[in-house]
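Novice: Attaching a single structure in structure tokens format; questions to follow.
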Amino acid sequence: MTTYAPENHLVKDGLKVCIRSAEKQDASLLIDFTKKNLHDSSEFLLTALDEFTVTVEEEQKWLEGIKDSPFDLALIALADSQIVGFLDFSIGHRRRISHTGDFGVAVKRECRNKGVGSILLDALVNWAESTGKVEKLNLQVHATNKRAIQLYKNKGFVIEGVRKAELKYGDSYVDSILMAKAINGLKFK
């Protein structure tokens, strides 16, 4: 069972943020957060707003599944009882990749550059290190999302590769950058 105990943080501009595991009862708030983020930040997200059709019941079931898995994680960042950030991590579900996992992170536009993404990443790394099983954290980021790429580099992630023209926006294409961080004794050659 994956549970991340609440941690309170003070980030830039005096914003008080609590990081904790996402729970079943957060489903509606999480859907609202996702829809707002898809509306405000579609240039950096894989899913388009009209593609996001998750119901509260589906979100609750997904959150329960994460809670029941010892090596998957869903974190929310709350400020004034509103979700301002979200991170989800899923471990590889085959033996040969069960030491790795992929994650995604999103921060409310108004809360970017305040440290919310940074504390979510720190929480992920701390949790992953505590598992003793997770050795590699993977992510994909739009090549145009320079601030996110810099944040990941600052947190010790390295670029592993580029997927050329991976994303299509109308008639234009954007590359996807593959990044990773080694933990729990793993060393990249």
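Novice: Could you list, in sequence order, all residues of the range 60-76 that are closer than 18 Å to Asp122 by Cβ and either out of contact with any helix residue (DSSP H, G or I) (no Cβ under 8 Å at 6 or more places or on another chain) or basic (Lys, Arg) (or both)?
Specialist: Going residue by residue through the range 60-76, those that are closer than 18 Å to Asp122 by Cβ are 73-76.
Hits for the range 60-76: nothing passes.
Novice: So which pairs qualify, if the first residue must be in the range 21-39 and modelled with pLDDT of 95 or more, the second must be open to solvent by 60 Å² or more (accessible area, probe 1.4 Å) and polar (S, T, N, Q), the Cβ gap must be under 6 Å, and the two must be at least 6 apart or on different chains?
Specialist: Note: pairs meeting the criteria are Ser21/Thr3.
Novice: May I pose another question? I'm trying to understand the selection: among the residues of the range 8-35, which are open to solvent by 70 Å² or more (accessible area, probe 1.4 Å) and over 16 Å from the mean Cα position of the chain (by Cα)?
Specialist: Taking the range 8-35 first, the residues open to solvent by 70 Å² or more (accessible area, probe 1.4 Å) are 8, 10, 12-13, 16, 24-25, 32, 35.
Scanning the range 8-35 gives Asn8, Leu10, Lys12, Asp13, Lys16, Lys24, Gln25, Asp32.
Novice: Hey, another quick one. I'm trying to understand the selection: among the residues of the range 36-83, which are of a type outside the set (S, T, N, Q), open to solvent by 70 Å² or more (accessible area, probe 1.4 Å), within 27 Å of Ala128 (Cα to Cα) and outside any helix (DSSP H, G or I)?
Specialist: If the condition is that a residue be of a type outside the set (S, T, N, Q), open to solvent by 70 Å² or more (accessible area, probe 1.4 Å), within 27 Å of Ala128 (Cα to Cα) and outside any helix (DSSP H, G or I), then Leu46 is the only one that fits.
Novice: Are any of the residues in the range 129-137 under 20 Å from His39 (Cβ atoms) and among the acidic types (Asp, Glu)?
Specialist: No; the residues of the range 129-137 include none that is under 20 Å from His39 (Cβ atoms) and among the acidic types (Asp, Glu).
Novice: Follow-up. Just to verify a result, which residue in the range 142-159, among those that are open to solvent by 70 Å² or more (accessible area, probe 1.4 Å) and in a helix (DSSP H, G or I), is farthest from Glu7 (Cα to Cα)?
Specialist: Ranking the qualifying residues of the range 142-159, first place goes to Lys146.
Novice: Continuing with the same structure: Just for the range 160-189: of the residues that are assigned to a strand (DSSP E or B) and touching a helix residue (DSSP H, G or I) at 6+ places or on another chain (Cβ under 8 Å), which one is farthest from Thr100 (Cα to Cα)?
Specialist: The initial filter retains those residues of the range 160-189 that are assigned to a strand (DSSP E or B), namely 160-169, 172-182.
Among the residues that remain, those that are also touching a helix residue (DSSP H, G or I) at 6+ places or on another chain (Cβ under 8 Å) are: 169, 177, 179, 181.
Details: Tyr169: 30, Ile177: 17, Met179: 12, Lys181: 10 Å.
Going through the qualifying residues, I end up with Tyr169.
Novice: Of all the residues that make up the range 101-128, how many are open to solvent by 20 Å² or more (accessible area, probe 1.4 Å), over 21 Å from Lys36 (Cα atoms) and assigned to a strand (DSSP E or B)?
Specialist: 1
Novice: Would you say Leu139 is open to solvent by less than 30 Å² (accessible area, probe 1.4 Å), assigned to a strand (DSSP E or B) and more than 27 Å from Leu29 (Cα to Cα)?
Specialist: No.
Novice: If only one of Arg95, Arg109 is within 24 Å of Phe157 (Cβ to Cβ) and either charged (D, E, K, R) or touching a Pro at 6+ places or on another chain (Cβ under 7 Å) (or both), which one is it?
Specialist: Only one candidate passes the filter, namely Arg109.
Novice: Inside the range 77-117, can you point out the residues that are polar (S, T, N, Q) and at pLDDT 95 or above?
Specialist: Across the range 77-117, the qualifying residues are Gln82, Ser90, Ser98, Thr100.
Novice: Further question: Please determine, by comparing only the residues of the range 170-181 that are in contact with a Leu (Cβ under 8 Å, 6 or more places away or on another chain) and aliphatic (A, V, I, L, M), which one is surrounded by the fewest Cβ atoms within 10 Å (Cβ to Cβ).
Specialist: Looking at the filtered set, the residue picked out is Leu178.
Novice: In addition: Report, ordered by the first and then the second residue, all pairs with beta carbons closer than 7 Å, sequence separation of six or more or different chains, a first member in the range 152-175 that is over 21 Å from Ile119 (Cα atoms) and touching a residue at least 24 places away in the same chain (Cβ under 8 Å), and a second member that is basic (Lys, Arg) and open to solvent by 40 Å² or more (accessible area, probe 1.4 Å).
Specialist: Asp175/Arg163; Asp175/Lys164
The values are calculated or read from the model by the stated rules, or taken from the named source; none is laboratory data. Everything numeric in this text was worked out from a predicted model, so none of it was measured. As a convention, Cβ positions derive from the backbone with ideal geometry for all residues, glycine included, and neighbour counts pool all protein chains shown. Remember, those area values only see protein heavy atoms, side chains included, never the ligands or the DNA or RNA. Shrake-Rupley method; radii C 1.70, N 1.55, O 1.52, S 1.80 Å.
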